[in-house]
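S.K.: The structure follows.
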Amino acid sequence: RVRYVNTVVKEPALVEAFVDGREINVGVWGNGRPRMLPLREVDFSRITNPLHRMVTWDSKWVPDSPEWNAMPVITQPTVSDALRARIEDVALRTYRAFDCRDYARIDLRIDADEQPFVVDVNPNPDITPDGGFMAACAAAGYSYGEAAAHIVDMAVARRNRRMALKKTTADRRLQTADRDQPSAVGGRPSTVELILP
């Protein structure tokens, strides 16, 4: 397969270890102090072949396909407090490392030693009413409208902070320029001074 990718696709092949285990979706939202939403888990219990325990296009987007029906998603799965703490730590550090803003979804695989591995960072997950991110919001007690409004509010607040920072920076530059500009009175003539006969 690597040879095929190198010769036919003409791209370098990326080979990664397959992590067999639980797949946890972590919705994270917020700026500055992001928060984790309730966990969701892709239930692989009906899949006997470990190599088939992966989320595919059909399992995500084709209702009533065999893959869709074989992999239900559980909201607020049972996890130990220790595992939840590790998941939260990895998800929040990943959110910050990728400079996510407002909201994102971090997908993790949990190996047999309960070690989380990041398999996907989605900075713009599906937020339609039936989407997984909104299901996590619902589990946290938000209606669809409340969750959507919260996302918009976070984006507006972030934009307002950015605009205020730009204005403050521009004001400082003007103050510096005014301070550094020589006075026409008692100093050298400014470039806009008119000399009349």
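S.K.: Take the range 11-56 and flag every residue that is farther than 17 Å from Asn69 by Cα and of a type in the set (A, V, I, L, M).
M.R.: Within the range 11-56, Ala13, Leu14, Val15, Ala17, Val19, Ile24, Val26, Val28, Met36, Leu37, Leu39, Leu51 qualify.
S.K.: Sticking with this structure for a sec: May I ask you to verify whether Ile47 is surrounded by 15 or more Cβ atoms within 10 Å (Cβ to Cβ), under 30 Å from Asp153 (Cα atoms), in contact (Cβ under 8 Å) with a residue 12 or more places away in the chain and β-branched (Val, Ile, Thr)? Step through it out loud before you land on a result.
M.R.: Details: surrounded by 15 or more Cβ atoms within 10 Å (Cβ to Cβ): yes; under 30 Å from Asp153 (Cα atoms): no; in contact (Cβ under 8 Å) with a residue 12 or more places away in the chain: yes; β-branched (Val, Ile, Thr): yes.
No.
S.K.: I've got another one for you. Just name the residue that is nearest to Val118 (Cα to Cα) out of those in the range 44-54 that are in a loop (DSSP other than H, G, I, E, B) and either among the polar types (S, T, N, Q) or touching a helix residue (DSSP H, G or I) at 6+ places or on another chain (Cβ under 9 Å) (or both). Before the answer, list the steps.
M.R.: At the first step, the residues of the range 44-54 found to be in a loop (DSSP other than H, G, I, E, B) are 44-49, 53-54.
Among the residues that remain, those that are also either among the polar types (S, T, N, Q) or touching a helix residue (DSSP H, G or I) at 6+ places or on another chain (Cβ under 9 Å) (or both) are: 44-49.
Numbers: Phe44: 18, Ser45: 21, Arg46: 23, Ile47: 21, Thr48: 23, Asn49: 22 Å.
Filtering the range 44-54 for residues that are in a loop (DSSP other than H, G, I, E, B) and either among the polar types (S, T, N, Q) or touching a helix residue (DSSP H, G or I) at 6+ places or on another chain (Cβ under 9 Å) (or both), the one nearest to Val118 (Cα to Cα) comes out as Phe44.
S.K.: Mind checking which residues of the range 84-139 are assigned to a strand (DSSP E or B) and in contact with a Gly (Cβ under 6 Å, 6 or more places away or on another chain)?
M.R.: First, the residues of the range 84-139 that are assigned to a strand (DSSP E or B): 103-110, 116-122.
Selection gives Arg105, Arg109, Ile110.
S.K.: May I pose another question? Only residues in the range 120-141 that are under 12 Å from Val26 (Cα atoms) count as the first member; pair them with residues that are of a type in the set (Val, Ile, Thr) and part of a loop (DSSP other than H, G, I, E, B), Cβ under 6 angstrom, at least 6 apart or cross-chain, and list the lot.
M.R.: Pairs that qualify, where the first residue is under 12 Å from Val26 (Cα atoms) and the partner is of a type in the set (Val, Ile, Thr) and part of a loop (DSSP other than H, G, I, E, B), are Phe133/Ile127; Met134/Ile127.
S.K.: To continue, here is another question. Of all residues in the range 99-116, how many are of a type outside the set (Asp, Glu) and over 18 Å from Phe133 (Cα atoms)? Quick ask: steps written out before the conclusion?
M.R.: First, the residues of the range 99-116 that are of a type outside the set (Asp, Glu): 100-101, 103-106, 108-110, 112, 115-116.
With the extra rule that they be over 18 Å from Phe133 (Cα atoms), the set shrinks to 110, 112, 115-116.
Qualifying residue count for the region: 4.
S.K.: Please enumerate the residues belonging to the range 55-68 that are part of a loop (DSSP other than H, G, I, E, B) and either farther than 16 Å from Gly132 by Cβ or among the small types (Gly, Ala, Ser) (or both).
M.R.: Within the range 55-68, Asp64, Ser65 meet the criteria.
S.K.: Going by what's in this entry, would Met36 be described as at pLDDT below 95 and crowded, with 19+ Cβ neighbours inside 10 Å? Let's see the steps before the verdict.
M.R.: Details: at pLDDT below 95: no; crowded, with 19+ Cβ neighbours inside 10 Å: yes.
Taking the combined requirement at face value, the residue does not satisfy it.
The values are calculated or read from the model by the stated rules, or taken from the named source; none is laboratory data. None of the values given here were measured: they were computed from a predicted structure. Glycine gets a Cβ as well: all are built from the backbone with ideal geometry, and neighbour counts include every protein chain shown.
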